[in-house]
Structures are given as structure tokens and as C-alpha cells.
Amino acid sequence: MTSTPVASREAAPLPIAALMGAMVSIQIGATFAKGLFPLIGAQGTTTLRLVIGALMLAAVLRPWRVRPSRAALPWLIAYGVTLCALNLLFYAALATIPLGIAVALEFSGPLLVATLTSRRGSDFAWVALAVIGIVLLSPLVHSPAPIDPVGALLALAAGGCWALYIVLAQKAGAELGTQTTAYGMAIAAVLVLPFGVAQAGTALVAPAILTSALLVGLFSSALPFWLEMVALTRMPARIYGTLTCLEPALGALMGFLFLHESLSAIQCAGIAAVISAAFGAAVTSKPPVPSPE
């Protein structure tokens, strides 16, 4: 008896490897970005990440071939504004708290959307577990390695923007498809320019800075976007949502390996709780939501 297409896709190693590669690439890009903070600040790094990412996506997707209608334009602009705010907030958080904690706190956004769009009673348990994880990661709990409260709030605000991003991406993407990301990144790049110029000035165009920024753009935008497209077209949505729950753990691992960031046992438990809640929500709720990278 021959296997069904879905079953064969579930067993295929290529899309799983592609998605894991995309998640690792995003976290590596974040480590490169954090290395630029002492030179051009979080806002300057955000500017170069969005500008270079927008140029790379424009070269690959050529969004000018599909023009948005008047009806889709407001959604598209709101999508770009949210993408700009999300990146500014996340990089500002990353300047003061470890990568793994920042990713876990930011993950509260898509987790909230996933549970709100489901009508299962069990989802309240996932919300409660996520809240426990967030509390363990917050300055409210005493830890040998306390985190900056402002950084924690910024990461949670980035999670709120991620939740809003999800809604807007679906509205704008209904007409533009994959071109939505290219348009949104271009809008975000234009909006972020004043912030980057105000903080870093001409340092943004220094050759040494641009070399590192190219790596940030490559690993944070172009490469993971392409790998996610490979994965999304070859695997069921539920498997995609389940695997993306590993992002906080990958962030903590990359922070440990490349940034020498160590976490306390309580913080590791908090990350584990967020991952478990996200995993449970992905298994029991509707198909997963897009990544803002």
C-alpha cells in the first residue's frame, strides 16, 4: 500500500532540516547583531538589519511585480509599522538581557494568538504554564543572575508586536502572498532610518560595520526566509508549529556558545515552561502563525 502525500511529507528529513536551519540561522544572526551594539547601538543595529534585509528580500522576491490594491495598502502599512516596532523593541531588549530569555519572553506573543484562536478548554492550561514561565524569567523572582526589568518589559512588548504582526500579516498576505514580507520589510526599513541615524550617525556606513551588518542581514533575514519557504511548502503546518517551539532553547544555546551568556536554574526552568506551553498550544490549536524574521 502506498503512503499518502501528507504521511510522506511528515517523514521527509529535508523540510525538518530546513526549518531547523532557519531557526538556528535567526539566532546566529541575533548573536552577530548583539556584537554590533557596542559600536552602533541597538537602534543602529536594527536599522542596518532591516535595511539590508529589505534589500536582500527585494532582490530575491522582486515585489514590484505585484502591486498592492488600495484595500490592502492600509493593512500593508500597518504591517510594516509593526515590523519596525517589533525589531526595535526586541533589539533594545537584547541589549540588556540574555538572548534565550529575550526570545522566550517574545514568544508570549504568538503563543497568545495561538491560544486565543482556539476554543479548546485545555488551552487555558497552556496559558497558565506560559505565565509561570514568564514569571520565572521576570525580575519578580529572585535569581543568582537577575535580569534587567526594563529589558524584560521590552521583550514582552516585542511579543505584543509579534502578536499584532500575526494578525496584520494574515490580512495583508491574503492578497500579496510571499511578497508581503518584502513590502513590509521595505516599509520598516524606511521608518527605522531616523532612529538609526540619530544613534549611530555616519558609523552606519563604516566598511567594518557594514561587513558585520551583512552577516546580520543574511542570517536574520535572507537565509531563514528561504529555508522557511522550503519547509512550509513540504511539511504539515502542525509539525511546523511544533518545531518552532524550540526557538527559545536555541536562543539560549546560541547565547551560551557565542555570547558566553549563562542562565540560572530558575531561568532555564522558565524557558522550559514557555517551550512546553508553546508545544502544547501548537499540538492542540489551529495551524501556526508566521515568523516575523
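If I go through the range 246-279 residue by residue, how many of them are assigned to a helix (DSSP H, G or I) and open to solvent by 60 Å² or more (accessible area, probe 1.4 Å)?
8
Could you check how many residues of the range 35-67 are open to solvent by 40 Å² or more (accessible area, probe 1.4 Å) and in contact with an Asp or Glu (Cβ under 9 Å, 6 or more places away or on another chain)?
The total comes to 1.
Give the residues of the range 134-174 that are among the small types (Gly, Ala, Ser) and at pLDDT 90 or above, sorted by residue number.
Scanning the range 134-174 gives Gly151, Ala152, Ala155, Ala157, Ala158, Gly159, Gly160.
If Phe107 passes every condition in (1) at pLDDT below 90; (2) over 13 Å from the mean Cα position of the chain (by Cα); (3) buried (at least 22 other Cβ atoms within 10 Å of the Cβ) but one, which one does it miss?
Going through the list (1) at pLDDT below 90; (2) over 13 Å from the mean Cα position of the chain (by Cα); (3) buried (at least 22 other Cβ atoms within 10 Å of the Cβ), Phe107 breaks only (2).
Restricting the range 259-274 to residues that are closer than 24 Å to Gly35 by Cβ and touching a helix residue (DSSP H, G or I) at 6+ places or on another chain (Cβ under 7 Å), which is modelled with the lowest pLDDT?
In this case the residue turns out to be Ser262.
Hey, Ala85 hits all of (1) modelled with pLDDT of 80 or more; (2) out of contact with any Cys (no Cβ under 9 Å at 6 or more places or on another chain) but one; which does it fall short on?
(2)
What's the number of the condition Pro194 fails, among (1) within 30 Å of Gln267 (Cα to Cα); (2) at pLDDT 85 or above?
Every condition holds for Pro194 apart from (1).
The values are calculated or read from the model by the stated rules, or taken from the named source; none is laboratory data. Owing to the predicted nature of the structure, the values given are computational and were not obtained by experimental measurement. For neighbour counting, all protein chains shown are included, and Cβ atoms are generated from backbone atoms with ideal geometry for every residue, glycine included. We work out accessible area using only protein heavy atoms, side chains counted, and drop any ligands, DNA or RNA first. Shrake-Rupley method; radii C 1.70, N 1.55, O 1.52, S 1.80 Å.
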